[in-house]
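Novice: One structure, pasted below without further comment.
The values are calculated or read from the model by the stated rules, or taken from the named source; none is laboratory data. Note that this is a predicted model, so its numbers are computed, not measured. Cβ: placed from backbone, ideal geometry, glycine included. Neighbour counts: every protein chain shown. When the accessible area is computed, the model is the full protein with side chains, heavy atoms only, and any ligands, DNA or RNA have been set aside. Shrake-Rupley method; radii C 1.70, N 1.55, O 1.52, S 1.80 Å.
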Amino acid sequence: MSTSVNTSMSTSATATIGRGLYLVTPDWDDTEKLLRISEQALQGGAVMLQYRHKSADAAQALEQAGALLALCRRYGVPMIVNDNVGLCMAIDADGMHVGGTDAAVATVRTALGPEKIVGASCYGSLVLAQQAAAAGASYLAFGGFYPSQVKQYEVGTPPELIAQVKYAIALPVVVIGGMNVDNAAPLIAQGADMVAVISSVYAAAEPQAAARAFAGLW
């Protein structure tokens, strides 16, 4: 796995997965604010961005995702979309993330081809991680580790699972769920490659500084 993002991506290039802060967007309808805060976070050192807006209609999702993709291109950072193959293909995003109740990893990999990023939520399960890896996942996401202000999910994924996954599967590991700089540090020590964050950056008083603090953990 590369330890840096691909800084020369074109709209058809294979995106490189780095190590560091992984932004997940909040459900904001204000596109200008979304772009402004996202750019501040990218300036702070974020290495990946996932567009996630579960309540957006097709037109809004297309507008926001397209604008975010253009922004991420300027910073050489991969931009993926959450659970929307059509949107991913329409804007030629760098890939897609799928959850446990979303489309199957194998189906998404077939639709997007071998060069795109396909991330998979594995919650607290090594078995799910092994299945996702076998189906063509590019990275594996685990959590929640801590209570989240944004998403409701079961909390209690054991930190030691990260080291077990890193030993068993040669794929990048993402951790998610109530992340802040302090509680993310021990997960990175276990081998986490990226920390996925929503409110700790997007709701921060100084988003660029918040992103920089996360980036400094590596």
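Novice: Of the residues ALA137, ALA56, ALA70, ALA61, which is modelled with pLDDT of 95 or more, farther than 24 Å from VAL173 by Cβ and part of a loop (DSSP other than H, G, I, E, B)?
Specialist: When all the criteria are applied, what remains is ALA56.
Novice: Moving on. When you scan the range 74-83, do you find a residue that is of a type in the set (Gly, Ala, Ser), outside any helix (DSSP H, G or I) and at pLDDT below 95, even just one?
Specialist: no
Novice: Within the range 102-134, work out how many residues are polar (S, T, N, Q) and in a helix (DSSP H, G or I).
Specialist: 4
Novice: Identify all residues within the range 36-53 that are of a type in the set (S, T, N, Q) and either assigned to a helix (DSSP H, G or I) or more than 21 Å from GLY113 (Cβ to Cβ) (or both); write none if there are none.
Specialist: Taking the range 36-53 as the starting set, the residues that turn out to be of a type in the set (S, T, N, Q) are 38, 40, 43, 50.
Within the range 36-53, SER38, GLN40, GLN43 meet the criteria.
Novice: Condition first: buried (at least 17 other Cβ atoms within 10 Å of the Cβ), out of contact with any helix residue (DSSP H, G or I) (no Cβ under 9 Å at 6 or more places or on another chain) and farther than 18 Å from ALA196 by Cβ. Now tell me which residues in the range 51-81 satisfy that.
Specialist: GLY76
Novice: Moving on to the next point. Filtering the range 191-214 down to residues that are open to solvent by 10 Å² or more (accessible area, probe 1.4 Å) and assigned to a loop (DSSP other than H, G, I, E, B), which residue is nearest to GLU160 (Cα to Cα)?
Specialist: Residue satisfying both the conditions and the ranking: GLY191.
Novice: Here's another thing I want to ask about it. Just checking, does the range 147-156 include any residue being within 17 Å of the chain's Cα centre (by Cα), aliphatic (A, V, I, L, M), modelled with pLDDT under 95 and closer than 19 Å to LEU49 by Cα?
Specialist: Yes: one or more hits.
Let's see how each residue does on (1) open to solvent by 40 Å² or more (accessible area, probe 1.4 Å); (2) within 18 Å of the chain's Cα centre (by Cα):
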| residue | (1), (2) |
| --- | --- |
| ASP83 | yes, yes |
| MET89 | yes, yes |
| GLY95 | no, yes |
| ALA106 | yes, no |
| GLY113 | no, no |
| LYS116 | no, yes |
| SER121 | no, yes |
| ALA141 | no, yes |
